[in-house]
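Below is one structure, written out as structure tokens, with a few remarks after it.
Readers should treat all values here as calculations from the given coordinates under stated rules, not as data from a laboratory. As the structure is a prediction and not an experimental result, all values here were calculated from the model. Don't worry about glycine lacking a Cβ; one is built from the backbone with ideal geometry, like all the others, and counts go over all protein chains shown.
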Amino acid sequence: MATSNKPIVWGPFAAGGTLTAFLTPVLILLTLLAGLGHAPDLLAYDALRAFAAHGIVKLGLVVVIFLSLWSAAHRLRITCYDLGLRADTLVATLVYAVAIAGTVAAAAYLLRLNPV
């Protein structure tokens, strides 16, 4: 029986898609409220920065960012294939590398946050 790497790619894709579908509308709403000046004190910059500076929250944010970027990368890969770009290995390498690079960049930024 041939082995496949599809579960390795599809697992994070499904998790990222589901997570993004639930979080994106909430983030849009909170950003809109903050932009209009109607955000509660709990969503003030200092409070959110202190929250994001906690170690467990940093880890959670990196996981959420990774899953969202991986899901977007996989969707882009499949879209390129559907549009006729048959260089799947090249496309897969590029989109997944960008997802990993984005995750590393976010992790590097979060690691620089010091607790207030």
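Laid out as a table, the results:
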| item | result |
| --- | --- |
| Unit charges on C-beta of K, R, D, E only; dipole of region 7-112, Debye | 180 |
| Of the DSSP H helices in the chain, those whose Cα atoms cover at least 15 Å axially and whose Kyte score averages -0.5 or more | 6-35, 55-82, 88-112 |
| Å³ per residue enclosed by the Cα convex hull of the chain | 132 |
| Estimated distance in nm for a label pair at ALA21 and ASP46, the labels positioned 7 Å out from Cα along Cα-to-Cβ | 4.0 |
| Once the Cα gyration tensor of region 24-78 is diagonalised, semi-axes √(5λ) in Å | 26, 17, 6 |
| Sparsely packed trypsin sites (Lys or Arg not before Pro) within region 28-116, loop by DSSP, other Cβ within 10 Å at most 14 | ARG86 |
| Model label zone, VAL57; criterion: amide N under 12 Å from point 7 Å along Cα-to-beta-carbon; scope region 6-49 | 42-49 |
| Residue-averaged [θ]222 nm for the chain, counting only DSSP H segments that reach four residues, each worth -39500 (n - 2.57) | -27500 deg cm²/dmol |
